[in-house]
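Structure record follows, encoded as structure tokens.
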């Protein structure tokens, strides 16, 4: 073993140790390690390529080695970056997209072009015999393994989604590792996309998803796809009914505004309660156009709907009135809401609530005339 081989071996050990540390930490030190890996990687490439291009191997072998070695080394850097979890320093994947992948590929290409130039310049040099077969096998197999691991999940999940086959999702590599490359989320996303697609027109399979958030998301998208808000509101899991409307199903409610409007136009519609409870998410408390569109329909429900629908509508109207100043609130209660219910004995409790509110006064605190304490 000559001097260059000894140096290359030492640098190879250093490179491997740096890769392990690189994947294990997530801090500002990661960028320093990345730079160090690039320097060590290109040093190994140049040293080994410089030696091989002086040997008696064919030009084809020299060029092939000049390609396989650097791409094995620098794709290893990308692989170990993804093998760890760098979410704390890689918000939205910008560091990966702008620094990690481009710089690694750039150094790989630079190493390859150095090898290509040296191979062409030294194609007739035969200073010593050197058996490249072991290196070809080692680096070729290593490069193949890295490429498979890097693109396996992406390719298989794409195949699963394109063929709408959940069986492929279960073949994804997803061990319990704190890793960007291997994690449970990729399998969950695959199953979520397929279940959402299946539920568009066929059986609703959202309930098969293990993760509650995924199930809720699937039901929300299914409600939008089928244009039926009831699917979301009947199936999502939430701590309270209020959260169900204003958190988990809010986007579906906004998307299905026209459907909700058509339900509200029919006070006897079987889904009228869902529609009434959805109106706050359509902006009736702060949007003038939404108020003009939905408040008149809610008032009609107070006079023509079922008892439960009337009560739900009144709760909405009370909150709507309360958005205004105290005097304006009393005016709305007196002139717009009370006339709707004063002749409905079953709603007497709401009449009493309005009268109590109308008799309320704002207490003005008296100004102290005593001696102030400084």
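Every number in this text was worked out from the coordinates using simple rules, so none of it is lab data. Not measured: the values here are computed from a predicted model. Here Cβ is always computed from backbone atoms with ideal geometry, including for glycine, and neighbour counts include all displayed protein chains.
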Inter-part distance where the range 280-310 and the range 86-124 are each reduced to a Cα centre, Å: 61
Folded to 0 to 90 degrees: helix 3-24 orientation relative to the chain principal axis, Cα: 10
Of 294, 32, 65, which is the most mobile in a GNM of the chain whose springs link Cα atoms less than 10 angstrom apart? 32
So what is the 222 nm mean residue ellipticity for the chain from helices alone, if each DSSP H run of at least 4 adds -39500 (n - 2.57) and you divide by all residues, rounding to the nearest 500 deg cm²/dmol? -20500 deg cm²/dmol
Using only Cα atoms, find the angle between the long axis of helix 29-52 and the longest principal axis of the chain, and express it within 0 to 90 degrees, rounded to the nearest 10. 30
List, largest first, the extents of the alpha carbons of the chain along their principal axes, each in whole Å. 109, 73, 32
With the contact rule set at Cα under 8 Å and sequence spacing of 6 or more, what percent relative contact order holds for the chain? 9
The range 231-271 - convex hull of alpha carbons, volume per residue in Å³: 72
Residue 6-residue 21 pseudo-label distance in nm [points 7 Å out on the Cα-to-Cβ vector]: 2.4
0 to 90° range, to nearest 10: angle between helix 288-304 axis and the chain longest Cα axis: 50
Order these peptides, 124-136, 220-232, 327-339, by their mean beta-carbon neighbour count within 10 angstrom, highest first. 220-232, 327-339, 124-136
Please report, in whole Å, how far the alpha carbons of the range 3-150 spread along each principal axis, starting with the longest. 52, 26, 23
Packing-based ranking, highest mean first, of 309-317, 23-31, 80-88 given that Cβ atoms within 10 Å are counted: 309-317, 80-88, 23-31
In whole angstrom, how far apart do the alpha carbon centroids of the range 36-72 and the range 208-243 sit? 56
